[in-house]
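In what follows, a structure is listed as structure tokens, so that the remarks can point back to it.
The values are calculated or read from the model by the stated rules, or taken from the named source; none is laboratory data. In this text, all values refer to a predicted model and were calculated from it rather than measured experimentally. All Cβ positions, even for glycine, are placed from backbone atoms using ideal geometry, and neighbour counts span all protein chains on display.
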Amino acid sequence: MSTFYQHITTDDSVEAATADAEAAKTAALAAQSAAETASAAATSSKNAAATSETNAAASSTSAGTYSTTSTQQAAIATTKASESAASAVAALASQNAAASSASASSSSETNASSSATNAAASATAAQNSKTDAQASFVSFDSRYLGAKTSDPVADNDGGTLTTGTLHYNSSSGAMKVYTGSAWATAYVDTAAGTAALKANNLSDLANATTARTNLGLGTAATTASTDYATAAQGTKADDVKTSVNNITDVTITSVADNEVLAYDNTSSKWINQTAAEAGLATSTQGTNADTAHGWGNHASASYLTNITGQSLANLSNVSSTSPTDNYVLTYDSSSSTWGPEAAAVGVTEADVVALAIALG
């Protein structure tokens, strides 16, 4: 607005200077005209005086008898001549004054022309300043969009957003800058209560539990320090990691190849033992097991897997005849069955073992 008023004031000054110059020029022309008129009047008076003097001389010559009258006429003529001379001097002075006025008028006209030129230059400069100011405002207005309740999608004139454009988001209390594809937070107004302050040591978080979850801490951040290993315990843990000998419930003595750790109830410790000492199958036993496995799936081979609650007489190759005390099962090849009979005196240990094997 100030540039606009300045422009108007400059235009008024130019018009006033131009008007003064025109007035001065008119006055100078009038003075020059007056001087020329005065000069013409002086010349006319001088001529009239000369004529009067001539007439007076003629009257003196021709009218000798009227000498008194002639003398009087001569005196009058002299007076007229003096008056005419004075008029001539006055006319000359007027002419000189008119010339001076004309010169002054010319100077005024020149000055007025210079003032007009300067005023025009000032008006041009003022217009240029106005144009520059308007361009600066437009540039600023497109760079800083002011306060907005949400991130804008265009500038204040509806044009495309320019990278580096700023605006204040009054909803989030953040100054934002346009990256060329999205709005990024330039800084946050801490007074708006939407930012965490360093001095508050995270006490101003909206939800500490959510923050711990986001950081992947879970309940670790709220667990007492006594629930964790001390430095000394950590050292022990490192020792355990490097050697099984450092475990408190393990005792290793004269260990040899292929020994195992087996638990010993007497010492309440794990001790090193051979496979045989630990009751593990030998390699031969393992081979036999592999051989037995090669015979087929025992689960589908009708092997006896459970006789709990069953009677011996229920077996297909055992006679159902009721036994009495001290009877034994003997094999009858004719019927291919086992049946109860009184024990023979000549039963050997081998017969008993054979019977046990046959019964599975």
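At a glance:
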{"quantity": "Qualifying residue in the range 130-143 (condition: over 30 Å from residue 180 (Cα atoms) and not assigned by TED's automatic domain parsing to the domain that holds residue 179)", "calculated": "yes"}
{"quantity": "Answer from 166, 161 - the residue that is without any contact (Cβ under 8 Å) to a residue 60 or more places away in the chain, out of contact with any Lys or Arg (no Cβ under 8 Å at 6 or more places or on another chain) and within 16 Å of residue 139 (Cβ to Cβ)", "calculated": "161"}
{"quantity": "Single unsatisfied condition, residue 220 versus (1) assigned by TED's automatic domain parsing to the domain that holds residue 175; (2) at pLDDT below 75", "calculated": "(1)"}
{"quantity": "Every residue from the range 164-177 that is under 11 Å from the mean Cα position of the chain (by Cα) and either more than 12 Å from residue 148 (Cβ to Cβ) or assigned to a loop (DSSP other than H, G, I, E, B) (or both)", "calculated": "164, 165, 177"}
{"quantity": "Within the range 216-234, tally of residues that are assigned to a loop (DSSP other than H, G, I, E, B) and either loosely packed, with under 10 Cβ neighbours inside 10 Å or touching a helix residue (DSSP H, G or I) at 6+ places or on another chain (Cβ under 8 Å) (or both)", "calculated": "5"}
{"quantity": "Of residues in the range 296-316 being modelled with pLDDT of 75 or more and outside any helix (DSSP H, G or I), the one surrounded by the most Cβ atoms within 10 Å (Cβ to Cβ)", "calculated": "315"}
{"quantity": "Failed criterion for residue 164 (all others in (1) outside the structural domain of residue 187 (by TED's automatic domain parsing); (2) of a type outside the set (A, V, I, L, M, F, W, C); (3) surrounded by fewer than 12 Cβ atoms within 10 Å (Cβ to Cβ) hold)", "calculated": "(1)"}
{"quantity": "Unique residue being under 22 Å from residue 175 (Cα atoms), charged (D, E, K, R) and at pLDDT below 90 when the list is 151, 141", "calculated": "141"}
